[in-house]
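The values are calculated or read from the model by the stated rules, or taken from the named source; none is laboratory data. These numbers were taken from a predicted model, which means no experiment stands behind them. Counting neighbours? That spans all protein chains shown, and the Cβs are built from the backbone with ideal geometry, glycine included. Remember, those area values only see protein heavy atoms, side chains included, never the ligands or the DNA or RNA. Shrake-Rupley method; radii C 1.70, N 1.55, O 1.52, S 1.80 Å.
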Amino acid sequence: MSSIVLPGEYIPAQHVNLKLGPGLLQLSTHQASAKGRSSQSIISTRAGALNYSANKSKWWVEGNSRRYVPAAQESVIGIVTGRSGEGWRVDIGSAHPASLDGLAFEGATKRNKPNLKVGSLLYARVSLAHKDMEPELECFDAQTHKAEGFGELKGGFVAQCSLQMSRLLLDPKHFLLPLLGSRFPLEAAVGMNGRIWVSAKEIKQTIAVVRCIEAVDPDCGGMDEAGAKQFLGKLEI
Amino acid sequence: MSLRPIKISFDALSGVDGSARFSFGATCTALASVSGPIAARLAAEHPARATVEVHVRPLSLVPGTTEKYLGAAFKGIVERACVLNQHPRTLIQVVLQALSRPTNALIAAEINACSLALVNAGSVPMRGVACAVSVGRRRSGSQTELVLDPEDESELLGGGCFAFLFGVDELPAESDIPPSKMIWTNYCAGVGASFSSAQLAQAEELASKGAAEVWIKMKESLQQSLLTGDSKMEM
């Protein structure tokens, strides 16, 4: 189902309702339209595994990278770096810092705003991500306007990983977090920007979680489930 | 006529978004690292596209005018290879470290390492992969002949490095390898020699075959690193 493609390679994607996902670009060519052909070349723009949906209408390239590029509706972990007017400036690992409005929290009013300091950790949703503007965050769910897990993260530790690893951790079928959770109580928040917040009772448990994440990360080795179990057995927790 | 054995490895340097090492044989190696899209200095920001900066570091001594010239040449190559308008007001910073003595083959290795590092970073969309090889001109009897990827450049009558961009531009060619276009060269005749445009075309033809081999090796090494998580590949 998936083959590895390099940037610039031709992708044979053709469908009446074609939808191009990340990693694909449609070229606009003068020659193609002059000859009256309706299909224009689709090329891949990154290296990765080429995937398509069952009816071949959705195509995308799944690759790995470490630098986050903001996209709307993604949950990210941010660090507050300063105030700006009515809101805050938050670092989410992208090229430009994101802005978070002071009222973008559940139940916030002008008199009742959350008390964030420089260095506070946040779990927020990217509400606006346009290439020409700096990204904007919100700390509540779009439809219900309730917190739904977004907001300030107190305590814990943030570990960095590659973007593919954070996508794997968000998949409920992935083995790592349930494996760790079966050993000791664990709280984790996974940001799509390659940051993971973990909170466990003891420091050695937190360190064990961070080391397991680094070991299973496809960018740093990509250990499988058996290897991870063996690795966990060697750590004294 | 063939290239020296190519060695590619993705070293996972810390603090950067992508890195790669490329060698022709045992004596011509270059290391490249890429960070981007990151915040650009206000003076270097472009409102509609990303800014590209290429820093070249030689094996010995501090970077001088040659490195400045190569940096400007590679900047043009990177700007051709990447789609820059998806990340306006950002910076794509490429740092190249030469790990061998300066030759045309080293320039080719630097271009290849730069392309591989950009592909390894995966955060900047690219419209093609730039592959480069060096071609030399040497005397054989009373004629001059062209040599692909010469090991010893001291006895040549000229030569240079050719860079090709492998990417589909219009409709694809009927082959596994995307069509290539030559995008940069520094071919020159040696001291006291001269060359004709026909000879230059011959050199380009020979170099394009070599570059296609480089592309195939790049694809194999990326397939291996993406499928198995291994980061080293030797031919």
**OP:** Have a look at A:112, A:84, A:97 and report the one farthest towards the positive end of the charge dipole of segment A:83-126, computed about the Cα centre with Cβ charges (Lys/Arg +1, Asp/Glu -1).
**Re:** A:112
Original post:
Mind checking the angle between helix A:225-234 and chain A's longest principal axis? C-alpha axes, 0 to 90 degrees, to the nearest 10.
Top reply: 30 degrees
Subject >> Heavy-atom SASA rank of B:83, B:16, A:118 (probe 1.4 Å, accessible area, largest first) >> reply: A:118, B:16, B:83
Original post:
Does chain A come out rounded, prolate or oblate by the C-alpha gyration tensor, with a ≥ b ≥ c the root eigenvalues, rounded set by a/c under 1.5 and, if not, prolate when a/b is larger than b/c and oblate if not?
Top reply: oblate
Original post:
Taking amide hydrogens as modeled 1.01 Å from N in the peptide plane, which residues meet the under 5 Å criterion relative to residue B:157, leaving out close sequence neighbours?
Top reply: B:137, B:138, B:139
Subject >> Cα gyration tensor, segment A:146-202 - rounded (a/c under 1.5), prolate or oblate >> reply: rounded
Original post:
Which whole-Hz ³J(HN,Hα) couplings does segment B:38-52 yield from phi under the Karplus relation 6.51 cos²θ - 1.76 cosθ + 1.60, θ = phi - 60°, glycine and proline marked x?
Top reply: 10, 5, 9, 4, 4, 6, 9, 5, 10, x, 10, 8, 6, 9, 10
Original post:
With contacts defined as alpha carbon pairs under 8 Å and 6 or more residues apart, what's the relative contact order of chain B in percent?
Top reply: 21 percent
**OP:** Would you tell me the mean number of C-beta atoms belonging to other protein chains that fall within 10 Å of each C-beta in A:184-193, as a whole number?
**Re:** 0
Original post:
Taking square-rooted eigenvalues a ≥ b ≥ c of the alpha carbon gyration tensor, is the protein assembly as shown rounded, prolate or oblate, where a/c under 1.5 means rounded and, failing that, a/b exceeding b/c means prolate?
Top reply: prolate
Subject >> DSSP beta bridges in the protein assembly as shown [antiparallel fraction, %, rounded to 5] >> reply: 90 percent
Subject >> Within-9-Å neighbourhood charge of residue B:24 [Cβ basis; K, R +1; D, E -1] >> reply: 0
Original post:
Do the sum for the protein assembly as shown: with -39,500 (n - 2.57) for every DSSP H run of n ≥ 4, divided by all residues, what is the mean residue ellipticity at 222 nm, to the nearest 500 deg cm²/dmol?
Top reply: -7500 deg cm²/dmol
**OP:** Could you tell me what percent of the accessible area of the protein assembly as shown is made up of carbon and sulfur, with a 1.4 Å probe and every protein chain present?
**Re:** 51 percent
